[in-house]
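For reference, the structure is listed below as structure tokens.
The values are calculated or read from the model by the stated rules, or taken from the named source; none is laboratory data. Note that this is a predicted model, so its numbers are computed, not measured. As a convention, Cβ positions derive from the backbone with ideal geometry for all residues, glycine included, and neighbour counts pool all protein chains shown.
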């Protein structure tokens with residue numbers, strides 16, 4: 001099944017193997033109509049959409065996706081491998097990195113990295129290495145990318161990462177993180193803990209360090225909340241399906257629980273656990289005895305239905321505020337979250353990487 005497919009190289013043209021529950025709970029509904037399938041292509045990329053379509057009997061002919069999938073796979077190979085080579089060059093300069101999110105899952109979970117859409121690459125560095133990283137990037141001609149469409153009135157809310165950086169040819173984007181998420185989550189899932197449990201992966205472009213599977217699950221849960229469970233997180237749900245199918249039974253769920261409790265993201269972890277179950281991803285149940293309330297169940301059902309239909313690309317401000325109020329472990333965190341917004345209206349915060357030019 002999936003675990004076997006992930007332990008061996010994929011043959012040319014091999015269809016992607018997905019867990020049966022995930023196929024029935026999410027893939028089949030998404031590819032049931034041409035309209036949904038077209039939306040899925042935009043969200044997860046043509047290569048992964050083509051692989052998913054081959055696993056079901058879709059309304060959209062998989063052959064209609066084949067040419068686009070091949071073209072996107074070819075175009076995405078060089079930028080992805082350049083990021084891996086950059087991480088290797090940084091390691092040679094004494095600056096260790098750990099790949100996060102799509103960059104890590106592309107190599108750790110997928111039979112072929114080209115199946116994972118990579119709009120940008122996320123890397124984690126130690127705060128003590130940030131100055132050295134900036135010096136290297138500046139010497140190599142990198143610049144910060146400040147996109148006007150992404151700038152909020154209150155500025156940046158996060159201190160965990162920075163605006164994307166790009167090389168001189170602008171062929172790829174990298175998000176630099178000094179933590180996987182803001183406090184208090186980073187107090188449980190610390191940068192040092194991620195480095196300590198990370199593991200090296202050999203790739204054709206060089207060695208890449210990726211998080212331990214337990215940390216990968218926590219990162220998926222935290223960033224699904226950051227995305228407000230909107231369809232843009234669809235590709236990460238495929239990551240979760242492959243992680244659970246390949247390693248779910250062997251995950252140290254006790255470590256996941258301890259990490260979530262120390263980082264005070266238990267409610268976000270429980271919501272993610274139940275969302276995965278609603279979408280057909282069977283796994284051992286962490287946090288036994290902890291469930292969701294009636295309103296949280298309504299939010300979960302709404303999110304699951306929207307992932308199946310892809311009808312609402314963005315959550316309303318009311319839904320976003322409800323997610324924060326209901327899923328942050330403490331009301332004080334909700335107050336702090338909105339306090340940063342109010343303070344930012346007076347003095348917006350920039351999260352450009354200091355020391356680099358801007359484009």
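Among the residues that make up the stretch 170-181, is at least one of them over 20 Å from residue 96 (Cβ atoms) and within 18 Å of the chain's Cα centre (by Cα)?
yes
I need the full set of residues from the stretch 249-263 which are assigned to a helix (DSSP H, G or I) and touching a helix residue (DSSP H, G or I) at 6+ places or on another chain (Cβ under 6 Å), in order please.
Within the stretch 249-263, 255, 256, 259, 260, 262 qualify.
Can you work out which of the residues in the stretch 39-63 that are part of a helix (DSSP H, G or I) and modelled with pLDDT under 90 is surrounded by the fewest Cβ atoms within 10 Å (Cβ to Cβ)?
Filtering first and then ranking leaves 63.
Restricting to the stretch 183-192, what's the tally of residues that are in contact with a helix residue (DSSP H, G or I) (Cβ under 9 Å, 6 or more places away or on another chain) and buried (at least 19 other Cβ atoms within 10 Å of the Cβ)?
The number of residues fulfilling the criteria is 4.
State all residues of the stretch 115-132 that are in a helix (DSSP H, G or I) and within 27 Å of residue 55 (Cβ to Cβ); if no residue qualifies, say none.
Once the filter is applied, which keeps residues that are in a helix (DSSP H, G or I) and within 27 Å of residue 55 (Cβ to Cβ), the stretch 115-132 yields only 115.
Taking the stated definitions as given, is residue 355 without any contact (Cβ under 8 Å) to a residue 24 or more places away in the chain and surrounded by fewer than 14 Cβ atoms within 10 Å (Cβ to Cβ)?
no
Based on what the data block shows, is residue 36 modelled with pLDDT under 90 and either within 23 Å of the chain's Cα centre (by Cα) or on the phi < 0 side of the Ramachandran plot (or both)?
So residue 36 fails the test.
So, of the residues in the stretch 78-89 that are under 19 Å from the mean Cα position of the chain (by Cα) and surrounded by fewer than 18 Cβ atoms within 10 Å (Cβ to Cβ), which turns out to be nearest to residue 38 (Cα to Cα)?
Step by step, filter the stretch 78-89, then rank; the result is 79.
Checking residue 246 against (1) assigned to a helix (DSSP H, G or I); (2) more than 17 Å from the chain's Cα centre (by Cα); (3) in contact (Cβ under 8 Å) with a residue 40 or more places away in the chain; (4) within 29 Å of residue 95 (Cα to Cα): exactly one of these is not met. Which one?
Of the numbered conditions (1) assigned to a helix (DSSP H, G or I); (2) more than 17 Å from the chain's Cα centre (by Cα); (3) in contact (Cβ under 8 Å) with a residue 40 or more places away in the chain; (4) within 29 Å of residue 95 (Cα to Cα), the odd one out for residue 246 is (4).
From the list 231, 313, 284, which residue is in contact with a helix residue (DSSP H, G or I) (Cβ under 7 Å, 6 or more places away or on another chain) and surrounded by 21 or more Cβ atoms within 10 Å (Cβ to Cβ)?
Testing whether each residue is in contact with a helix residue (DSSP H, G or I) (Cβ under 7 Å, 6 or more places away or on another chain) and surrounded by 21 or more Cβ atoms within 10 Å (Cβ to Cβ) leaves just 231.
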